[in-house]
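Below: one structure, written as structure tokens.
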Amino acid sequence: QVQLVESGGGLVQAGGSLRLSCAASGRTFSSYTMGWFRQAPGKERDFVATINRNGDNTYYATSVKGRFTISRDNAKNTLYLQMNSLEPEDTAVYYCAARIGVFSTLSYEYGYWGQGTQVTVSS
């Protein structure tokens, strides 16, 4: 198993930037495909980005492509999400997740989740 803890959320003005981190412990971090998801109040949990085990392949939701960058440091057991040009519509709780297997944009295919970190973007 792997345990995941997100950090780095906060309040930012539109157009600003934040970097989220997800610290992993337990089973070898590099064994997992990782993803970021987000959930706004009253909405379903949506896919944001995913990265393969060695970090050389990524995939993004259309709504964040070109603004967000997912990366990982397997030596530090940490996943990142650099978020630039933030918009009020990006306001949500952001979750990191891990799965054994290839890329997936489906939340139910991820078996391990962090507790989430709140990102609020003011207009």
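The values are calculated or read from the model by the stated rules, or taken from the named source; none is laboratory data. All of these numbers come straight from a predicted model, not from anything done at the bench. Every residue, glycine among them, receives a Cβ derived from its backbone with ideal geometry; neighbour counts consider all protein chains shown. These area figures cover heavy atoms from the full protein model, side chains too; ligands, DNA and RNA do not enter into them. Shrake-Rupley method; radii C 1.70, N 1.55, O 1.52, S 1.80 Å.
Highest GNM mean-square fluctuation among Val102, Val48, Val93, for the chain modelled with Cα contacts below 10 Å: Val102.
Could you provide, to the nearest whole Å², the per residue accessible area of the chain with probe 1.4 Å?
Details: 6260 Å² over 123 residues.
Computed with neighbouring chains in place, this is 51 Å² per residue.
Between Asn57 and Arg27, the distance separating the two model label sites (each 7 Å from Cα on the Cα→Cβ line) works out to 2.0 nm. Determine which residues of segment 62-86 fall in the zone a paramagnetic label at Asp46 would reach in this model, i.e. backbone nitrogen under 11 Å from the point 7 Å along Cα→Cβ. Once the point is set 7 Å along Cα→Cβ of Asp46, 62-65 turn out to lie under 11 Å by backbone N, inside segment 62-86. Evaluated with a Cβ-only charge set (Lys, Arg +1; Asp, Glu -1), the chain carries a dipole of roughly 260 debye about its Cα centre, given to the nearest 20.
Per-atom-type breakdown for segment 40-114 gives carbon and sulfur 46% of the accessible area (1.4 Å probe, protein chains only).
Secondary structure note: in the chain, about 90% of the DSSP beta bridges are antiparallel.
Scanning the chain for trypsin sites (Lys or Arg not before Pro) in DSSP loops with at most 15 neighbouring Cβ atoms within 10 Å leaves 77-123 as the longest stretch between them. What the phi angles of segment 110-123 give under the Karplus curve with 6.51, -1.76 and 1.60, with θ = phi - 60°, is a coupling list of 9, x, 10, 9, x, 8, x, 9, 7, 10, 10, 10, 8, 8 Hz, glycine and proline written as x.
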